[in-house]
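One structure is given here, and the rest of the page talks about it.
The values are calculated or read from the model by the stated rules, or taken from the named source; none is laboratory data. Remember, predicted model here, so these are calculated numbers, not experimental data. As a convention, Cβ positions derive from the backbone with ideal geometry for all residues, glycine included, and neighbour counts pool all protein chains shown. Accessible surface areas use protein heavy atoms only, side chains included; no ligands, DNA or RNA. Shrake-Rupley method; radii C 1.70, N 1.55, O 1.52, S 1.80 Å.
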Amino acid sequence: LRDIPKFENIFITDKEQSDVYLSHISKVNRLHPDFYKMNIANYILGGGTLNSRLSTKVRDQSGLVYTVYSYLSGSFGVGEFGIYFGSNNKNVDRAIEIINKELRIFTEKGITEKELANTKTSLIDSFTSKYLSSYRSIGNTILAVEFYKLGSKYINDYPKIINSIKPNEVNKAIKKHILPTKLNVVVAGEYKMTANNKQLPH
């Protein structure tokens with residue numbers, strides 16, 4: 001984590017859409033105690049359906065981006081928490097501003113019980129179609145279970161693991177692992193960084 005996050009502008013001529021990443025290092029790897037809590041948090045924030053907070057606020061209500069999502073990566077070592085969006089160059093600053101505002105709200109107030117209930121249902125219902133719907137996905141899932149030593153009962157226990165998570169546990173993990181003031185920002189497109197918008201991530 002940098003004390004002063006970087007803001008990098010990669011200028012690309014004749015690229016009307018800017019690709020923007022906001023991210024910082026994350027210690028939530030696959031075996032971290034907060035992995036499932038943060039998986040749920042990320043789903044609600046922007047990693048799930050089109051009804052995620054970021055998608056609703058930045059795309060549907062504000063009309064500033066073509067697409068927006070959040071992600072959490074990590075294997076055995078450290079990974080990253082991040083947000084991506086693509087937008088018209090003229091909308092980049094405003095989109096970053098709204099995303100930062102939503103992140104502050106998210107980290108301060110956390111998730112609701114309704115959001116948690118809906119997310120649990122979605123994650124459990126999609127588990128089979130995502131990880132067990134073909135020979136290839138089944139093989140990859142079994143390989144991952146062995147690779148991370150998740151146990152022979154993991155596939156059957158997954159619904160229990162998700163259903164056991166409480167709202168306060170997710171909110172505590174959010175405060176610990178999502179740090180809005182530490183986000184590095186990279187903008188690639190026909191966008192010009194100025195002295196004013198350089199400070200937007202903070």
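Couple of notes before you dig in:
- Taking the stretch 79-106 as the range and being open to solvent by 20 Å² or more (accessible area, probe 1.4 Å) and either part of a helix (DSSP H, G or I) or under 16 Å from V68 (Cα atoms) (or both) as the test, the residues that pass are Y84, N88, N89, K90, N91, D93, R94, E97, K101, E102, R104, I105.
- Residue among Y66, Y84 that alone is under 16 Å from the mean Cα position of the chain (by Cα) and of a type outside the set (A, V, I, L, M): Y84
- Any helices (runs of 4 or more DSSP H) falling wholly within the stretch 108-166 and containing at least 1 residues that are modelled with pLDDT of 95 or more and under 19 Å from the mean Cα position of the chain (by Cα): 113-131, 154-163
- Top-ranked residue in the stretch 58-77 [being of a type in the set (A, V, I, L, M, F, W, C) and outside any strand (DSSP E or B); ranked as nearest to P33 (Cα to Cα)]: F76
- Taking the criterion of being free of Cβ contacts under 8 Å to residues at least 40 places away in the same chain and closer than 16 Å to N171 by Cα, the residues of the stretch 16-49 that qualify are P33, F35, N42, G46.
- Test for N156: is it more than 20 Å from S70 (Cβ to Cβ) and in contact (Cβ under 8 Å) with a residue 24 or more places away in the chain: no
- Pairs where the first residue, in the stretch 1-15, is open to solvent by less than 70 Å² (accessible area, probe 1.4 Å) and the second is among the β-branched types (V, I, T), C-beta under 6 Å, 6+ apart: F7/V185; N9/V187
- Qualifying residues in the stretch 149-166 (those that are of a type outside the set (A, V, I, L, M) and open to solvent by less than 40 Å² (accessible area, probe 1.4 Å)) - the one nearest to F35 (Cα to Cα): Y158
- Only a single criterion out of (1) in contact (Cβ under 8 Å) with a residue 60 or more places away in the chain; (2) under 30 Å from V186 (Cα atoms); (3) of a type outside the set (V, I, T) is not satisfied by N91, namely (1).
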